[in-house]
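All remarks here apply to the structure that follows.
The values are calculated or read from the model by the stated rules, or taken from the named source; none is laboratory data. Everything numeric here is computed off the predicted structure, so don't read it as measured data. A quick note on method: Cβ atoms are made from the backbone with ideal geometry, for glycine too, and the neighbour counts reach across all protein chains shown. With ligands, DNA and RNA removed, areas are computed over all heavy atoms of the protein, side chains included. Shrake-Rupley method; radii C 1.70, N 1.55, O 1.52, S 1.80 Å.
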Amino acid sequence: MVIFGLFTIWPAINGFNISLYESPNGRVIRYVGLGNYQQILGDPEFWGIARQTALYAVAFVVGTTVLAIAVAVLVDQQHRGKTFFRGVFFVPVLVSPVVVGLVWNWLLERQGGLVNSTFGTSVSWLVDSSWAMVSIIIVGLWMQVGFFMLIALAGLQGINPSIYEASRMDGASRWKQFWSMTLPLLQPSIVVIVVLATIRGFEAFDFIFTLTGGGPTGATTLIVQFIYENGFV
């Protein structure tokens, strides 16, 4: 609690205190109360970026939760190579987000990009506004699903196998087992996944900055980049 207080609670309190002041030149500081909040809430650009952030976060949370559970179930059912597949899905988590953005920028290039070349398409992944948002969602999922898969996998391995044996004796199908037993017993893990994915969804910035730079025309600018550009650039 001491560490949490020093490095999380106190910075949050101090950050709110700083937000009550304004410095036009970096040297003179004056108290403005809630003036900064009134200014930003009246900015149409802020509300557009807030909607984009919410869209990304919702898609990221839903996609992460579904894929993490699906991949965890598939990996858990492997009798051979379970450790190998678990490592394969976790590798993207270990890659620097900046490197992820640069690599996927190359993969998604319209001309000569590996994705378009492989599928014989010419989709403007990073130039068209709609596809750019889809692109950062896909890359975000690719980068993070492995981490949440481990949480779901840990939950699956904590379920008593005798429960499934009893259900099979009663004639329950695999789908019935998954829907009526696996999902309810995974609820604690699902709650953890949703909470952590929500946090990561709203704080997404680094890989997006190197992938699209927030473009085209601000279509992939999320709230953290908006704060960064207004506060430091």
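Checked against the criteria, Thr182 does not count as of a type outside the set (D, E, K, R), under 24 Å from Thr212 (Cβ atoms) and modelled with pLDDT under 90. Just to be sure, is Val145 closer than 26 Å to Leu156 by Cβ, crowded, with 17+ Cβ neighbours inside 10 Å and either out of contact with any helix residue (DSSP H, G or I) (no Cβ under 9 Å at 6 or more places or on another chain) or at pLDDT 90 or above (or both)? Spelling it out, Val145 is indeed closer than 26 Å to Leu156 by Cβ, crowded, with 17+ Cβ neighbours inside 10 Å and either out of contact with any helix residue (DSSP H, G or I) (no Cβ under 9 Å at 6 or more places or on another chain) or at pLDDT 90 or above (or both).
Among the residues of region 148-174, the ones that are open to solvent by less than 40 Å² (accessible area, probe 1.4 Å) and among the small types (Gly, Ala, Ser) come to 4 in all. Note on region 89-98: among residues that are in a helix (DSSP H, G or I) and in contact (Cβ under 8 Å) with a residue 24 or more places away in the chain, the one that is surrounded by the fewest Cβ atoms within 10 Å (Cβ to Cβ) is Val91. Scanning region 18-41 for residues that are closer than 17 Å to Val233 by Cα, of a type outside the set (S, T, N, Q) and open to solvent by less than 80 Å² (accessible area, probe 1.4 Å) gives Glu22, Gly26, Ile40.
Can you find, within region 204-214, the residue that is farthest from Ala50 (Cα to Cα) among those that are surrounded by fewer than 19 Cβ atoms within 10 Å (Cβ to Cβ) and touching a helix residue (DSSP H, G or I) at 6+ places or on another chain (Cβ under 7 Å)? Taking the candidates together, the pick is Thr210.
If you go through region 175-203, how many residues are under 23 Å from Thr83 (Cα atoms) and either open to solvent by 90 Å² or more (accessible area, probe 1.4 Å) or not in a helix (DSSP H, G or I) (or both)? So the answer is 1.
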